[in-house]
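The values are calculated or read from the model by the stated rules, or taken from the named source; none is laboratory data. Owing to the predicted nature of the structure, the values given are computational and were not obtained by experimental measurement. As a convention, Cβ positions derive from the backbone with ideal geometry for all residues, glycine included, and neighbour counts pool all protein chains shown. These accessible areas exclude ligands, DNA and RNA; they are computed on the full protein's heavy atoms, side chains included. Shrake-Rupley method; radii C 1.70, N 1.55, O 1.52, S 1.80 Å.
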Amino acid sequence: MNLPLPAETLLLEGADAPAFAHAQFSSAVKSLAVDRWQFSAWLDPRGRVLALFHLARLADDRYLLLLRGGSAAVMAEALRRFVFRSKVRITALPPRHLASGPALAQGSLVTEPAGDDDGDVSFGCGSHSLRITSVGDDAWRLPQLRDGWPWLPESCLGELLPPAISLQRLQAVVVDKGCYPGQEIVARLHFRGGHKRHLHRVTLSQAANAGDVLRKEERDIGRVLDVIANDRKFEALAILNDELVAEANDGNTLILDDDVAMTLLSSWPS
């Protein structure tokens, strides 16, 4: 169940890297200082999330992307189609490992050796740090799941709208910057609402896999994004129908198809 997750990373480098990142990604890229990171996303024109990642600024003209699901090689190839005459190089780095490190301030970035983007990199996450290194562990996964930081299974890439995974709460999407792919959809959902599925932390009575569809009375009512076996229980991040969540908020443990009992623990509706 708790399979190690790889560090899939890519570099954006060159004189036009800041402008390219600002035009393609949905976060406030221009506000990102050197040695800092922010959540960001790459959307398609329909507003669907193609990639969710930690965007780190290593230097004025160099960014590191740590993907939260998906392949760096696939994303790098797709991004290159939009380079045109821009002075930017996009490189998928060899997969490495992820590990938990000591507490570091949220948004801080530490490279070891200092300034060496080929060495270990630590992303400050408040109570801990998420490290790109040579030997991995899974200790970082549970606190991030409990904070509502989604990890996207392959089957969900290109399928989810930002409100379903609470990207505005993470400041991975903004509505007050210039145009980027999917920006019109993001703005419409922000100002008009209307999306009927949102992110929640739940316990499940049975094992599940990332990407599994949850069903009740043979209806699709949600999708599992990440799941961790913890003390003979299964904690998960799941996208659930709002109608179903209204039932769970009355204190009910819901019985889904296949006799799966689900209890709601936390919700991130926006």
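Computed values, structure above
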read-out	value
Surface accessible to a 1.4 Å probe, Tyr180 within the full protein complex, Å²	10
Gyration tensor verdict on segment 206-270 (Cα atoms; rounded if a/c is under 1.5, prolate if a/b is larger than b/c, oblate otherwise)	rounded
Cα-only Debye scattering, segment 162-239: base-10 log of I(q)/I(0) at q = 0.14, 0.22, 0.25 Å⁻¹	-0.58, -0.98, -1.12
Segment 14-80, accessible surface, carbon-and-sulfur percent (1.4 angstrom probe)	52
Mean accessible surface per residue for segment 167-270, computed with a 1.4 Å probe while every protein chain stays in place, in Å²	54
Taking the C-alpha atoms of segment 59-172, convex hull volume expressed per residue in Å³	136
Förster-model FRET efficiency, 30 Å R0, Ser108 and Asp60, C-beta, rounded to 0.05	0.95
Zone residues, segment 54-70, relative to Thr91, backbone N less than 15 Å from point 7 Å out along Cα-to-Cβ	58-59, 61-65
With at most 15 other Cβ atoms within 10 Å, longest stretch of the chain clear of loop GluC sites (Glu not before Pro) (DSSP)	1-158
C-alpha long axis of helix 183-192 to longest principal axis of the chain, angle in °	40
Tensor-based shape of segment 1-69 (alpha-carbon gyration tensor, a/c under 1.5 rounded, otherwise prolate or oblate)	oblate
Carbon + sulfur, % of accessible area of segment 102-162 - ligands and nucleic acids excluded, 1.4 Å	55
